[in-house]
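Please read the structure below before turning to the comments.
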Amino acid sequence: LAPRDAAPLTDAALTPYRAIKRALPAMTPDYPALVIGTGGLGQFGIKLLRLLTGCEVIAVDVADDKLATAREVGAHHTLNSRTLGDDTVARIHELSRGGVSAAFDFVGADATLALAFGATRKLGRVVQVGLAGGTAHLAALQSWQPEVSFSVSFWGSIKELREVMAMADDGRLTPIPLEFHGLDAVNDVYHRLERGEVRGRAVITP
C-alpha cells in the first residue's frame, strides 16, 4: 500500500473497526445495523459492516451528498434525518422490522445519541464513536429498551490496525473517496473539513 493510501486506515478505518468488532456478539443478519454520520469514519463503518456481518446497513445523515456517498460504499438504505425530522426513528423501525441490532453513532451529539437509542431493539448495542459533546439521556423502558448495552469506542490497538491493514492489503477493504494535497494547502483543507466539504478523507502529503 502506498503511504498516502494507507494513512486514512490508521484512524478512519481503525476506529470503526474496533467499534464494530466489539459489537459483533449483539449483531445478527436478521436485523439491520445503523450508521449515524456518513463522513470518513461512517463510510469505512459501512464498508466494514458489509465485510464483517450479514446485516443490512441503514445510514443516516443530514446531507444528501454524503448519503449518496454512503450508497456508493455499500449502505442498503439511506435516510436524511433533517428532512424526516421526528419521523426518522419510525422509518428506521419500519426498515428494520422493529429496531436495529446495533447502532453506531459517528457524530455523538444529543440528537444523534437519542436517535441511536430510539432505533435500537431489545438486547441490542449502541456504540458512540463521535465526540461532538452530546449527552445520552436515558430513561428505562422509554428512551432505552431492556438490556441494550451502551459503550464509547475510541480508536484501536496495534493488533486491530494490523487486521485492518491486512484487509486493505488483500483487497477486501477498499478505499473511501480520498483527496491529496501538499502541506502548503493544509489550512484550506482544514477549513473545508470544518465546513463539511471533504467527501471522504483528505490526506496531506508533505
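Where both residues lie in the stretch 24-121, what percent of DSSP beta bridges are antiparallel, nearest 5?
Restricted to the stretch 24-121, the bridges split so that about 0 percent are antiparallel.
Just grab the label-to-label distance for Ala6 and Ala111, each label 7 Å out from Cα along the Cβ direction, in nm (one decimal).
4.0
Please give the peptides 172-182, 19-29 ranked by average Cβ packing (other Cβ atoms within 10 Å per residue), highest first, as a rough proxy for protection.
19-29, 172-182
For the chain, with every protein chain kept in place, what is the accessible area per residue (1.4 Å probe, Å²)? Intermediate values should be presented prior to the final figure.
Working: 10120 Å² over 206 residues.
Heavy-atom accessible area per residue stands at 49 Å².
With a 1.4 Å probe and all protein chains in place, put Glu163, Glu72 in order of accessible area, largest first.
Glu72, Glu163
Cα gyration tensor of the stretch 1-92, axes a ≥ b ≥ c as square roots of the eigenvalues: rounded (a/c below 1.5), prolate (a/b > b/c) or oblate? Mind dumping the intermediate values first?
Details: a/c = 2.27, a/b = 1.32, b/c = 1.72.
Here the stretch 1-92 falls in the oblate category.
Ignoring any ligand, DNA or RNA, what whole percent of the accessible area of the stretch 105-187 comes from carbon and sulfur when the probe is 1.4 angstrom?
59
What is the helix-to-structure angle for 14-23, meaning the angle in degrees between its Cα long axis and the longest Cα principal axis of the chain, kept from 0 to 90 and rounded to the nearest 10?
Approximately 20 degrees, to the nearest ten.
Within the stretch 6-42, which residues have the backbone N less than 17 Å from the label spot 7 Å out from Tyr190 along Cα→beta-carbon, could you tell me?
Under 17 Å, as judged by backbone N against the label point of Tyr190, lies no residue of the stretch 6-42.
Counting only C-alpha contacts under 8 Å and six or more residues apart, can you give the relative contact order of the stretch 1-128 as a whole percent?
25
Compute the angle between helix 158-169 and the longest alpha-carbon principal axis of the chain, please, reported from 0 to 90 degrees and rounded to the nearest 10.
70
Report the residues of the stretch 70-106 in range of a label on Ala132: point 7 Å along Cα→C-beta, backbone N strictly under 15 Å from it.
Answer for the stretch 70-106: 79-86, 88-89, 104-106.
May I ask for the net charge around Glu179, where only other residues with Cβ less than 11 Å from the Cβ of Glu179 are counted and Lys, Arg are +1 while Asp, Glu are -1? Could the numbers behind the result be given before it?
Working: positive: Arg4, Arg192, Arg199, Arg201; negative: Glu197.
Overall, the nearby charge balance is +3.
Between Leu51 and Glu179, what is the label-point separation in nm under the 7 Å Cα-to-beta-carbon projection?
Output for this residue pair reads 2.5 nm.
Quick check: from the Cα gyration tensor, does the stretch 121-201 come out rounded (a/c under 1.5), prolate or oblate? Could the numbers behind the result be given before it?
Numbers: a/c = 2.98, a/b = 1.55, b/c = 1.92.
Since a/c reaches 1.5 but b/c is at least a/b, the shape of the stretch 121-201 is classed as oblate.
The values are calculated or read from the model by the stated rules, or taken from the named source; none is laboratory data. Keep in mind it's a predicted model, so treat the numbers as computed, not measured. Every residue, glycine as well, gets a Cβ built from its backbone with ideal geometry; the counts of neighbours run over all protein chains shown. Calculation scope for accessible area: heavy atoms of the full protein, side chains included, ligands and nucleic acids excluded. Shrake-Rupley method; radii C 1.70, N 1.55, O 1.52, S 1.80 Å.
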